[in-house]
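Visitor: I'd like to ask you about the structure that follows.
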Amino acid sequence: MKTVTVVGLGKIGLPLAAVVANSGHFNVIGADKNEKVIETVNRGISHIQNEPGLDQLLYEAWKAGTFRATVDTTKAVKQSDVVIVIVPVLVNEQGTINYEFIDSAVEDIGKGIRKGTLVIFETTLPAGDTRNRFGKRIAELSGLTLGTDFHLGYSPERVYSNRIIQDLSNYPKVVSGDNEKSLELVISFYKKALNCDIMPVSNLETAEFTKVAESVYRDVNIALANELAVYADSLGVNIKEVIQAANSQPFSHLHFPGVGVGGHCIPVYPYFFINNGLSDGLVPLSREINDKMAKYAVDQVEEYFSTLENKNILILGLSFRENVKETTKSSTLLLANELKKRGSTVYVDDPLYTAEEIAAFQVKPFSIENREKIDSIILQAFHDQYRDFKFELFPNCQFVLDGRNALNQKKIESLGMKYRGIGVQ
């Protein structure tokens, strides 16, 4: 069997590696710089939580001997016929792109690549990076010629946390290559590795653009929903009713408003366009609108109390979204900063995190002993555990801001608390 190295064993890389290792066609080497990750993976144990099916797939591959892991990326690449890169590209607070981790991975690949190897990038990238930044660098380091001595492909990851393994088989795999031969190799690999529908596109840049466009589409449409929700508030109109009614028309697909947009994808990837020529128009405006929703939410709380000085505010959910343990670009961080600016004490509850993990974000971990202190509650991430949240245990809570329009308004109001949603009064 051919050998595949998956560089980056994070929340997407590890499930991908486990699926490929169970395909019956490949031996897989997982490469990662985190020694603790390597240690657990080499015992058949996943460090990624809440990913259905992953524990079993990883254990089966480990037991069958088709999956092992190493911190030595260069050595792994030397033994491989296919290399898949799923190392993150980050965006700094100023919106600039940080290539630190993926550049380091490419250096290791370039030092180890052998003639005939296929390298596929799955990391979301600005259009042109696969060919001009990474393919070129691998060629420089290895002395091999791109397109003849080694082959280059791009196939964006298109999965969603908590259902990654399911998505790998259900979503069409967009694939591309630096030339026709490379594309043939990429198609052949994914047909065997994932057994999913394949969607070839004409070149690397089209595939890169496609993934960013998917995230931009969602960001822009969420921004529209947020803008409409704020306007609905000013008119006393319930945006939930508006969306339900409007979307009964088959050409209307209004998204849902909320207290903000978080995660690795939607608030990050638009900057791949913004910083590469698309600095005006809907894309940057949408980023601005969505990032301002946390301030808008805090404004609603402050309007009710007149002042937030010395108020104790509880935020439900540290995670950026429901049922996922991930804080990247979480709206809770924006909410907490706004509340602190106005003199509030911020408590945060999240069943997925320990008190120590929550305290690391310079907020107070909530415990039930503090319940009588709480003046207001803000829902940010609607975890399953909050579906039956006991608001009645908070005798001094006066105001509930439902940042996801997900709570039972009648129940909250029956307790004598004021309820506000985003575009819902």
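Taken together, the values in this text are just the output of simple stated rules run on the coordinates, not laboratory data. Because the structure is a prediction, the values reported are computed rather than measured. Cβ coordinates were reconstructed from backbone atoms using ideal geometry, including for glycine residues, and neighbour counts include every protein chain displayed.
Visitor: With labels modelled as points extended 7 Å from the Cα through the Cβ direction, what inter-label distance (nm, one decimal) is found for Glu184 paired with Lys111?
Guide: Each label point is offset 7 Å from its Cα along the Cβ direction, giving 3.4 nm.
Visitor: May I ask you to derive the relative contact order of the chain, considering only C-alpha pairs under 8 Å and at least 6 residues apart, and to give it as an integer percent?
Guide: That works out to 11 percent.
Visitor: So, one more: Starting from the coordinates of the alpha-carbon atoms of segment 357-425, obtain the Kirkwood hydrodynamic radius over all distinct pairs and give the value in Å to one decimal.
Guide: Averaging 1/r across every pair of different Cα atoms and inverting gives 12.8 Å.
Visitor: For segment 2-202, what does the equivalent ellipsoid look like in terms of its semi-axes, each the square root of 5 times an eigenvalue of the Cα gyration tensor, given largest first in whole Å?
Guide: With the √(5λ) rule applied to segment 2-202, the semi-axes are 24, 19, 18 Å.
Visitor: If you line up the Cα atoms of the chain on their principal axes, what length do they span on each, largest first, in Å?
Guide: 70, 45, 37
Visitor: Roughly how tilted is helix 282-291, in degrees to the nearest 10 and between 0 and 90, from the longest Cα axis of the chain?
Guide: 50
Visitor: Taking segment 318-425, which trypsin sites (Lys or Arg not before Pro) meet the DSSP loop condition and have no more than 14 other C-beta atoms within 10 Å?
Guide: Arg387, Lys390
Visitor: Pick out which of Leu152, Leu224, Leu318 has the largest mean-square fluctuation in a Gaussian network model of the chain, springs linking Cα atoms closer than 10 Å.
Guide: Result: Leu224 has the largest fluctuation of those listed.
Visitor: Further question on the same structure: How large is ³J(HN,Hα) for each residue in segment 410-425, as worked out from phi by the Karplus curve 6.51 cos²θ - 1.76 cosθ + 1.60 (θ = phi - 60°), to whole Hz, x for Gly and Pro?
Guide: 5, 4, 5, 5, 5, 8, x, 9, 7, 10, 9, x, 8, x, 9, 10
Visitor: Nearest 10 degrees, 0 to 90: what angle lies between the long axis of helix 331-341 and the longest principal axis of the chain (Cα atoms)?
Guide: That works out to roughly 50 degrees.
Visitor: Counting only residues 5 or more places away or on other chains, whose amide H sits under 5 Å from the amide H of Gly147 once H atoms are built in the peptide plane?
Guide: Leu152
Visitor: Another question, then. For the chain, with a Gaussian network of springs between Cα atoms less than 10 Å apart, report the residue from Ser248, Ser104, Ser330 with the top mean-square fluctuation.
Guide: Ser248
Visitor: Per residue of the chain, what 222 nm ellipticity follows from adding -39500 (n - 2.57) for every DSSP H run with n ≥ 4, rounded to the nearest 500?
Guide: Result for the chain, helices only: -11500 deg cm²/dmol.
Visitor: Using Cα atoms only, what is the angle between the long axis of helix 204-235 and the major principal axis of the chain, expressed in degrees (0 to 90) to the nearest 10?
Guide: The helix 204-235 is inclined about 0 degrees to the chain.
Visitor: Taking H as built 1.01 Å from N, whose amide H comes closer than 5 Å to the amide H of Gly30, not counting residues under 5 places away?
Guide: Sorted by chain and number, the residues that satisfy this are Val6, Arg68, Ala69, Thr70.
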